[in-house]
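A.B. asks: Here it is: the structure, laid out below.
The values are calculated or read from the model by the stated rules, or taken from the named source; none is laboratory data. For clarity, every value in this text was computed on a predicted model and none was experimentally measured. Cβ: placed from backbone, ideal geometry, glycine included. Neighbour counts: every protein chain shown.
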Amino acid sequence: MCQLLGLNSSVPAGLGPFFDVFAERGGRTDEHKDGWGIAFHSGKRCRLYTDHRAAIDSPLATRVRRQALRARNILAHIRKATQGRIAIENVHPFARQLWGSTWCFAHNGDLKEFAPSAGRFVPQGDTDSEAAFCHLLSRLAERFPHAQPAPAELRAAMTELAAEIASHGTFNFILSNGETLFAHCSTHLHYRLDAGQAIIATEPVDTEDGWIPFAAGELKAFGSGMLHA
């Protein structure tokens, strides 16, 4: 399966050596060589970089590592294809507009017999991941058609929808609207809080203490580098 790496920070920040370790897993130290992507997301501004090549073979990945781009929310993904072709349209993160904000999403897992009914958002590729993202946003848009709801209401709805989708298989994901970073664990996800930053990863990206595993079925929200109650 794929791997996820996310950052939520109180001020614009970069992934630095975390991304170096993560990118090496994209074909050198691990098997996730079917594409990679990263979103730098702060408020309404979102810069998305994707490549269908392995991160270790991607000139784009090399440029991103050298430029040290910064944002308050960063979502990165390295892909090991389980469903969908190896093609640029199937590379995570995916992005859509909802309630006046850009939402970015990346998934680790495999969903079986998942064929949701058509909604407001339509996949452009042929992965179960993008189908799940479009279904999640479509259902949220149906429930809250006029504006983004209060945080507690949004999290409750998102938790319910994530559980529904996870009934089809493994559904670990990270999702951001530029302010809050949501992370859902179906089977395997970790986080660490450190000096105004929350780091979320499938597998820890350093050897420091403080990495905390998510519980199965748990959805957490991070804002300004902190875990929201």
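A.B. asks: Would you pick out the residues in the stretch 95-122 that are in contact with a Gly (Cβ under 9 Å, 6 or more places away or on another chain) and either more than 17 Å from Ala55 (Cα to Cα) or not in a strand (DSSP E or B) (or both)?
C.D. replies: Ser101, Thr102, Trp103, Cys104, Gly109, Asp110, Leu111, Lys112, Glu113, Phe114
A.B. asks: All but one of (1) out of contact with any strand residue (DSSP E or B) (no Cβ under 6 Å at 6 or more places or on another chain); (2) assigned to a loop (DSSP other than H, G, I, E, B) hold for Arg65, so report the exception by its number.
C.D. replies: Going through (1) out of contact with any strand residue (DSSP E or B) (no Cβ under 6 Å at 6 or more places or on another chain); (2) assigned to a loop (DSSP other than H, G, I, E, B) one by one, Arg65 breaks only (2).
A.B. asks: Mind listing whichever residues of the stretch 84-94 are assigned to a loop (DSSP other than H, G, I, E, B) and surrounded by fewer than 16 Cβ atoms within 10 Å (Cβ to Cβ)? Full working, then the answer.
C.D. replies: First, pick out the residues of the stretch 84-94 that are assigned to a loop (DSSP other than H, G, I, E, B): 84-87, 91-93.
Within the stretch 84-94, Arg85, Ile86, Ala87 qualify.
A.B. asks: Got a sec? Which of Arg79, Arg65, Arg85 is in contact (Cβ under 8 Å) with a residue 24 or more places away in the chain, over 14 Å from the mean Cα position of the chain (by Cα) and closer than 21 Å to Pro204 by Cα?
C.D. replies: Criteria check complete, one pass: Arg65.
A.B. asks: Kindly evaluate Leu140 against the criterion of being modelled with pLDDT of 95 or more, over 14 Å from the mean Cα position of the chain (by Cα) and of a type outside the set (Phe, Trp, Tyr).
C.D. replies: yes
A.B. asks: May I ask you to list the residues in the stretch 23-51 that are assigned to a loop (DSSP other than H, G, I, E, B) and more than 22 Å from Glu203 (Cα to Cα)? Don't jump to the end; show me each part of the working.
C.D. replies: Within the stretch 23-51, the subset assigned to a loop (DSSP other than H, G, I, E, B) is 25, 27-30, 32-35, 43-44.
Passing the criteria: Gly43, Lys44.
A.B. asks: Considering only residues of the stretch 40-62 that are over 19 Å from Cys104 (Cα atoms) and of a type in the set (D, E, K, R), which is surrounded by the fewest Cβ atoms within 10 Å (Cβ to Cβ)?
C.D. replies: Asp57
A.B. asks: Could you look through the stretch 26-40, keep only residues that are in contact with an Asp or Glu (Cβ under 9 Å, 6 or more places away or on another chain) and at pLDDT 90 or above, and pick out the one that is farthest from Pro93 (Cα to Cα)?
C.D. replies: Per the stated criteria, the residue is Gly35.
A.B. asks: Every residue in the stretch 1-20 that is surrounded by 18 or more Cβ atoms within 10 Å (Cβ to Cβ) and more than 20 Å from Phe182 (Cβ to Cβ), please.
C.D. replies: Gly14, Phe19, listed by residue number.
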